[in-house]
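Worksheet: the structure to be examined is printed underneath.
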Amino acid sequence: MALPVLNTATYELEVPSSRETIKYRPFVVKEEKVLLTVLETQDMNQITQVIRDIIETCTFNKLDINKLAMYDLEYIFLKIRAKSVGETSTVLLECSKCQEKNEVTINLDQIKLKGNPQAEAKVQVSDDVGIKMRFPTVHTVERMMKDAGDSTVDIMLGLIASSIDSIWDAENVYDAKDHTPQELLEFLESLSKEQFEKVQEFFGEFPKMSEEVKFDCTKCGSSNDMVLEGLADFFG
């Protein structure tokens, strides 16, 4: 006789970048076991892949993960995790004065996505040349991490180049899809330092999961105030 199959609760959330409402379920013990195992490796590529798999399964295969923005991935996963293993997470935070590790409990349900997911970025790099940017997708970030290897500069340049939607000047608009990655990269490399810094500002304003945390050190009593950002900061 087959063992009983338990019904799983379903919930709804809104995907930040598209504002689409989707259904999701908590992950089960088998999926949590895989997640905990890969977290021990501290390999971000493996961790991202497992998170992708969990999101895909827990949203009933209704999402194209590759087309999600990275902030979508973080937001959806934190929502799934909160319903799966509890709304709180205990993290170790270092005291800014004595470097003592402190256990701090955060409420995952209170964490908000900071920034505007629907923002359109137009960067005027000179009097008559500008760039329209788009937020990089999960697929874009993973490809850059793989292709660029350990070079932080190459990863950054590749990510920015792949996030160009179009370039315009006084006479034309040049759609990025009509040009090779190398051509877009060469365009970026032709910018002055000041012009490139304008483009970098767009990346500094990405929507991100963020939470301000305050705690008093258990060793020296110093008050600490820090901001947690990104999935890695919220893992216990």
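The values are calculated or read from the model by the stated rules, or taken from the named source; none is laboratory data. Note that the coordinates shown come from a computational prediction; the quantities given were computed from them, not determined experimentally. Neighbour counts run over all protein chains shown; Cβ positions are idealised from the backbone, glycine included. Surface areas here come from the heavy atoms of the whole protein model, side chains and all, with no ligands, DNA or RNA. Shrake-Rupley method; radii C 1.70, N 1.55, O 1.52, S 1.80 Å.
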Query raised in the report: Any chance the range 57-66 includes a residue that's in contact with a Leu (Cβ under 8 Å, 6 or more places away or on another chain), open to solvent by less than 60 Å² (accessible area, probe 1.4 Å) and hydrophobic (A, V, I, L, M, F, W, C)?
Result: yes
Report task. Tell me, please, whether a residue that is within 19 Å of the chain's Cα centre (by Cα), in a helix (DSSP H, G or I) and acidic (Asp, Glu) can be found in the range 19-26. Result -> no
Requested in this report: State whether one or more residues within the range 215-226 are out of contact with any Pro (no Cβ under 8 Å at 6 or more places or on another chain), open to solvent by less than 30 Å² (accessible area, probe 1.4 Å) and among the small types (Gly, Ala, Ser).
Outcome: yes
Query raised in the report: Which is hydrophobic (A, V, I, L, M, F, W, C) and surrounded by 14 or more Cβ atoms within 10 Å (Cβ to Cβ), of Val153, Val138?
Result: Val138
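Evaluate the range 160-176: report whether one residue or more is closer than 23 Å to Ile47 by Cβ and in a helix (DSSP H, G or I).
Yes, the conditions are met somewhere in the range 160-176.
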Query - From the options Thr105, Thr137, Thr180, residue that is under 29 Å from Thr48 (Cβ atoms), in contact (Cβ under 8 Å) with a residue 60 or more places away in the chain and under 26 Å from the mean Cα position of the chain (by Cα) - result: Thr137
**Report entry** Residues of the range 42-63 that turn out to be over 18 Å from Val28 (Cα atoms) and either basic (Lys, Arg) or in contact with a strand residue (DSSP E or B) (Cβ under 9 Å, 6 or more places away or on another chain) (or both), as a count
**Finding:** 2
